[in-house]
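Only one structure is covered here, and it is reproduced in the block below.
Every number here is computed from the coordinates shown, using simple stated rules; none is lab data. Everything numeric here is computed off the predicted structure, so don't read it as measured data. Quick reminder, even Gly has a Cβ in these numbers, built from the backbone with ideal geometry, and neighbours come from all protein chains shown.
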Amino acid sequence: MKSKLTLATAAAALPALDATSRTELRKLARSVGVATGHNKADTIRNLGNAIRDGKLHFKSMNTFSVNPAKQGEPTQRVTYLGINLRTYVSGPGKAITQWLSPSAPVAGSPTAPFA
């Protein structure tokens, strides 16, 4: 089952794919049965199409935080928003999940509950 926000979330995968080496992208594409293409851009496009079409799932943790500390000072990071983006609905029924709200920010850089 696809999430209601599949297309938007699939687009969110593009920066992650772009930050990955061509060699790793080709390995991923071959592993999941997606054509590699002639260059990195082709492989990213093919993987993006596979995500959009629901053949390849994408999940990421996203946080929004600030660190008002000046250089040399200890970190003062506060995280205000945490969201897990998925292009699918998991077995337990989770799709796009907000796990941290701006109304209850936390100090530091928390990790998401990926269950």
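List of remarks:
- Computed from Cα atoms, the angle from the helix 22-32 axis to the main principal axis of the chain rounds to 70 degrees.
- Compared with the dominant principal axis of the Cα atoms in the chain, helix 40-52 is inclined by about 80°.
- Averaged over residues, the count of other Cβ atoms within 10 Å places the peptides 82-90, 58-66, 15-23 in the sequence 82-90, 58-66, 15-23, highest first.
- Folded to 0 to 90 degrees: helix 6-18 orientation relative to the chain principal axis, Cα: 90
- If the segment from LEU81 to HIS38 were pulled out straight at 0.36 nm per residue, it would be longer than the present Cα-Cα gap by 11.6 nm.
- With bins 5 Å wide beginning at 0, the percent of Cα pairs of the chain falling in each bin runs 2, 11, 18, 16, 15, 14, 10, 8, 4, 1.
- Estimated FRET transfer efficiency (SER103, MET61; beta-carbon r; R0 22 Å; 0.05): 0.65
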